[in-house]
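Everything on this sheet refers to the single structure shown next.
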Amino acid sequence: MQGTIGKAVVFGASGAIGSAFVETIADRCPDCDIVAVSRRGDDVRPPVRVLIYDPDDAISLRETCRAVVEPSPPDLVVIATGILHDEGIAPEKSLRELDAAQLQRLFAVNTVLPAMIVSHLSPLMYRQRPYTIAALSARVGSISDNRLGGWYAYRASKAALNMIIRTASIELARRNPQSVIVGLHPGTVDSALSRPFQKSVPEFKLFSPEFAAGKLLDVIAGLEPSNSGGCFDWAGKEIPA
């Protein structure tokens, strides 16, 4: 992104990558105004401002988005929310494992929530100053790169998120040609999300949350408006749609 980060907002700040984003931004930009948004409001270092919200409640989400732009809009918004598995939810290996409730839950968290955050924030963002919105996506959301199959709900929800990002980039550019919105793939991060699937991951490809957040912030720092609408991995390489 162009310029320094004067204010940053991190949604999903209690998760492994979200909390690492908060810490890394605080380390790199000591004077940055940081707002950490999460369900739980875990302890964070002062003077980070903490907002607790219910992402499943439309009113809570809308009011939280209004609160994060006070007294001024952020230069950077990171949406570090996402779900791959949960109690009673696991990635599908075949069509016969598809479950409507599981599909709906993954789309709600991985696609609808980031879409609504962007929807609520976009009218409140700068019109004549650069800003960046970055949402955690995944390489498996690439349709053209899908050669293994499986993981239907997760793949589809991330592919849908990538389309939301691409479509939003066109509209946001009309309002502010300096705006950037992208998806980011952090690699395989040592977190609760990936833990059941780490056995086959080489040690050198299993990243700490701090490493991933640092690399993604490096990618964000290099983004230009021409990159808006794309999805980039932790090394800065664009992931095909």
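Values computed for the structure shown
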{"quantity": "Qualifying residue in the range 9-30 (condition: among the charged types (D, E, K, R) and closer than 23 Å to Leu124 by Cα)", "calculated": "no"}
{"quantity": "Residue among Ile52, Ile59 that is surrounded by fewer than 18 Cβ atoms within 10 Å (Cβ to Cβ), among the hydrophobic types (A, V, I, L, M, F, W, C) and under 19 Å from the mean Cα position of the chain (by Cα)", "calculated": "Ile52"}
{"quantity": "Hey, Ile79 open to solvent by less than 30 Å² (accessible area, probe 1.4 Å), of a type in the set (A, V, I, L, M, F, W, C), touching a helix residue (DSSP H, G or I) at 6+ places or on another chain (Cβ under 8 Å) and farther than 23 Å from Thr188 by Cα or not", "calculated": "no"}
{"quantity": "Residues being open to solvent by less than 60 Å² (accessible area, probe 1.4 Å) and either modelled with pLDDT under 95 or not in a helix (DSSP H, G or I) (or both) - total across the range 103-130", "calculated": "3"}
{"quantity": "Considering residues of the range 166-196 that are modelled with pLDDT under 95 and surrounded by 14 or more Cβ atoms within 10 Å (Cβ to Cβ) only, the residue nearest to Pro114 (Cα to Cα)", "calculated": "Leu193"}
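The values are calculated or read from the model by the stated rules, or taken from the named source; none is laboratory data. Just so we're clear, the structure is a prediction, and the values are computed from it rather than from any experiment. Positions of Cβ are backbone-derived with ideal geometry, glycine not excepted, and every protein chain shown enters the neighbour counts. Side chains are part of the model used for accessible areas, which takes the heavy atoms of the whole protein and leaves out ligands, DNA and RNA. Shrake-Rupley method; radii C 1.70, N 1.55, O 1.52, S 1.80 Å.
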